[in-house]
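Each remark here refers to the structure printed beneath this line.
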Amino acid sequence: MSGICLGIIGGGQLGSMLSEAAKKIGIKTIIYCDDIDAPAKNFSDGFMVGEYDDKKKINEFVQKVDIITYEFENIPYETLNEMNKLKPVLPKPSVNRLIQHRVAEKDFINKLNIRTTRYTSIEKKSDIETLEDFLPGILKTTTMGYDGKGQYPIKKIDDIDSLNIDFSREYVLEKLVKLKKEISVIITRFGTHNYEIYEPIENLHQDQILKFSKTPAEITKKISSLSKDWASQIAEELRYIGTLCVEFFIDRNENLYVNEIAPRVHNSGHLTINAYNISQFENHVRAVCSLKKIPLKKLSNAKMINLIGNQIEPYRQNLKLSKNEFFFDYKKKEVKEKRKMGHITTLI
Ligand code: ADP
Ligand code: MG
């Protein structure tokens, strides 16, 4: 045993998989989460329920752990910052603050001379009326979005009237990219110019939710190396510690764009559990706990299918898997439409 106790904020499936990876290398985990039924409590050593701004509860949590990390990005910056005064929070809170905000995130990426989609900030309804140029586009809330939540496709200006959009919130309007493909690059950074990078993963979304991932991605060598360069440039610039994912678009003319950055382990990297010697989860735990970096080795090509809503049922009931198939049940209490319930990785 290392004697380290890692605190994880957030109790979804990413928290579960981080806990399992930590256990494997002798690190204890305590989850802090606002949902009493959070699935990660089935996998971690300890579990605490509380709001993300409950100072007293959070203080109790901080006392119990040595290092703190998080499995989702929408945590109040103040909370992370206060925790960081007492115990190390990694990746550091300022990274999270930047990436929580879609406009700040895209401004940061463009400053590195890395291409994003065309975007503009929208503060009131009339802002859109002069922005024909950005249409067809997608209007997204600047904060708190995930799995396509808070997003509105807009083909023409008149669409806005029928969409019932809450303009008390801030938005970003993004030009729609004519997608050929989506890929992601997962990188774990341990320190200055010290990182491990996974091969690009090809992703297919349905209704803005990830449905399918595979590695290797079917892309040119040029796109593959550019996407890895951009991901490592972003991780260096953020002085990031831990696992980070960069989501990319490739358009029909083979242009590469950064879609967004996830300052955490990522759904497209679930296949790294079976396809690599060290998964994205173990690497994250290693990096934030200052453990040794182990050279990354791919063991197999792989594909992953997300089981969304009741797609999980047949697998729960009559589980017949071949030797190369691995089923993960997130053990969520309730099956809900559009909720990620589990996944299957197949080594190919
Ligand atoms: P989330 O934070 O919900 O993951 P994303 O910005 O990644 O939001 O959008 C989810 C998915 O919606 C993307 O993976 C992509 O399939 C589609 N999408 C989002 N923005 C664009 C865009 N500008 N052009 C084309 N497709 C887009
Ligand atoms: Mg996304």
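Here are the numbers for the structure shown:
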| quantity | calculated |
| --- | --- |
| Flag for VAL172 being modelled with pLDDT of 90 or more, within 13 Å of ligand 1 (Cβ to nearest atom) and part of a loop (DSSP other than H, G, I, E, B) | no |
| GLY150 vs. criteria small (Gly, Ala, Ser) and within 16 Å of ligand 1 (Cβ to nearest atom) | yes |
| Check on SER225, away from ligand 2 (no atom under 16 Å from the Cβ), free of Cβ contacts under 8 Å to residues at least 12 places away in the same chain and more than 25 Å from TYR119 (Cβ to Cβ) | yes |
| The range 36-48, residues that are outside any helix (DSSP H, G or I) and open to solvent by 50 Å² or more (accessible area, probe 1.4 Å) | ILE36, ASP37, ASP45, PHE47 |
| Failed condition for LYS156, given (1) within 16 Å of ligand 2 (Cβ to nearest atom); (2) open to solvent by 60 Å² or more (accessible area, probe 1.4 Å) | (1) |
| Subset of the range 267-306 (residues that are surrounded by fewer than 24 Cβ atoms within 10 Å (Cβ to Cβ) and within 16 Å of ligand 2 (Cβ to nearest atom)) | ASN267, ASN306 |
| Number of the condition not met by LYS181 [criteria: (1) part of a strand (DSSP E or B); (2) within 16 Å of ligand 2 (Cβ to nearest atom); (3) touching a Pro at 6+ places or on another chain (Cβ under 9 Å)] | (3) |
| Residue that is modelled with the highest pLDDT, among those in the range 127-153 that are open to solvent by 60 Å² or more (accessible area, probe 1.4 Å) and more than 30 Å from ILE223 (Cβ to Cβ) | GLU132 |
| All positions within the range 17-33 that are in contact with a Leu (Cβ under 8 Å, 6 or more places away or on another chain) and of a type in the set (Gly, Ala, Ser) | ALA22 |
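Residues are listed down the side, and each one gets a yes or a no for (1) at positive phi; (2) within 18 Å of the chain's Cα centre (by Cα); (3) surrounded by 15 or more Cβ atoms within 10 Å (Cβ to Cβ):
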site	(1), (2), (3)
ILE31	no, yes, yes
ASP34	no, no, yes
LYS57	no, no, yes
TYR70	no, yes, yes
GLU78	no, no, no
LEU86	no, no, no
ARG97	no, yes, yes
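The values are calculated or read from the model by the stated rules, or taken from the named source; none is laboratory data. The shown structure was predicted, so the numbers you read here are calculated from the model rather than taken from an experiment. Every residue, glycine as well, gets a Cβ built from its backbone with ideal geometry; the counts of neighbours run over all protein chains shown. Side chains are part of the model used for accessible areas, which takes the heavy atoms of the whole protein and leaves out ligands, DNA and RNA. Shrake-Rupley method; radii C 1.70, N 1.55, O 1.52, S 1.80 Å.
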